[in-house]
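Values in this text are rule-based calculations from the coordinates and carry no lab data. The structure displayed is predicted, hence computed values, not measured ones. Cβ atoms come from the backbone with ideal geometry, glycine included; neighbour counts cover every protein chain shown.
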Amino acid sequence: MVHVFGHLSPDTDATCSALIWAWYLNTHTATPATPFVLGDLNSETSFVLNRFGIATPELLPALNVGTEVVVVDTNNPQELPGNMNELTLLGLIDHHKLVGGLETSAPTHITIRPLACTATIMYDLITAEGHTIPTDIAGLMLSAILSDTLGFRSPTTTPHDKDVAENLTAIVGVDMHAHADEMFAAKSDISSFSDSGLVKLDSKKYEVGDKNFRVSVIETTNPAIVLARQAGIIDAIKACVAEEGDIDDVLFFIVDILKEEATVLTYNDLTKQVITASFGVATTGDTEVLPGIMSRKKQILPALKL
């Protein structure tokens, strides 16, 4: 049985893509597969699964050497099981830049395309074989695209992502923009998450010069709700740094989906230094608003420097 999974701190694309590809393998190949996640789901992803009547994937267990796997929505070893290079990687489907560090014991199938969403790539791969996409799988694909593009507001959005979303909307039979609004409303409800949970909810580790950061992003239609918890989040960040040991600090961005801007916490000298150097702003307070910044992949990570 093949284990299909995405990255740590699973978002809607990572979770839905694991479900989509496991469905494809089970339905259209002779390879039995099961989807898994590498952490708790955020409220948006839970909403999507409930909306289309799909059970939440189980947490990925410890895997033995040689276990057959397919990885989706990442190629970064820091976001995958610690023994990833001891597993048998049957395939990888992703839309991020190559990070390096993954090794395989034999040639494998790798598809990486410059699109906004892994689910867009999967739509192309599946329809190219002439397969029909059922309503629930189309719903997962559409939701993943809307999530990763922030309703087409993100600069990662391509015309092809939009075209695929339109095709999927016809299959699902929903009002695409109303569905996106419902997703973002669900995403903005952070009441069930602890401050520590928010720090790690959507977070990736990233090296900047000689420092290693967690770069955490909260996407919301109501940033004030997150900022009201600022003191607790900063305490949780300090605890996270002390606990993990392999990061120097956390860069915590609050993306305002509607205003199309990000507020970043600049609560100490190191965070002020990196935000000033990266975005050319004079950071004097404990937060800094960055107009037009919405994408970690395309706008935040490439800009980071000391």
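What is the order of S188, S147, fewest Cβ neighbours within 10 Å to most?
The most exposed by this proxy come first: S188, S147.
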Value at 222 nm in deg cm²/dmol, rounded to 500, when DSSP H runs of n ≥ 4 in the chain each add -39,500 (n - 2.57): -12000 deg cm²/dmol
Cα gyration tensor category, rounded, prolate or oblate, for the range 1-69 with a/c compared to 1.5: oblate
Label-to-label distance, nm, for residues given as V99 and A277 (7 Å Cα→Cβ offset): 2.1 nm
Highest to lowest packing among 74-80, 289-295, 118-124, scored as the average C-beta count within 10 Å: 118-124, 74-80, 289-295
Distance cut-off 15 Å, percentage of C-alpha pairs in the range 124-220 lying past it: 69 percent
Three-way shape call for the range 128-167 based on the alpha-carbon gyration tensor, with the a/c threshold at 1.5: oblate
Sequence-distant residues sharing a close amide H with S295 (under 5 Å, placed H): I300
Gap separating the Cα centres of the range 275-306 and the range 93-163, nearest whole Å: 27 Å
Nearest-ten-degree value, helix 159-172 long axis tilted from longest Cα axis of the chain: 60 degrees
Order of S143, S46 - criterion: other Cβ atoms within 10 Å of each residue's Cβ, fewest first: S46, S143
Set of aspartates and glutamates with alpha-carbon distance to K97 below 12 Å, sequence-local pairs under 8 removed: D73
Lysines with Cα under 16 Å of K211, excluding same-chain neighbours fewer than 8 positions away: K238, K272, K305
Cα gyration tensor, the range 159-306 - rounded (a/c under 1.5), prolate or oblate: prolate
Gain in span if fully extended, S196 to N50, counting 0.36 nm per residue against the direct Cα distance: 50.0 nm
By average C-beta atoms within 10 angstrom, highest first, the peptides 15-27, 86-98: 15-27, 86-98
Paramagnetic label zone (point 7 Å from Cα along Cα-to-C-beta, K205; backbone N under 19 Å) in the range 38-52: 38-40
Geometric extent, Cα atoms of the chain - Rg, Dmax (angstrom): 18.9, 59
Debye intensity ratio in log₁₀ form over the Cα atoms of the range 42-173, taken at each q of 0.13, 0.14, 0.20 Å⁻¹: -0.63, -0.72, -1.28
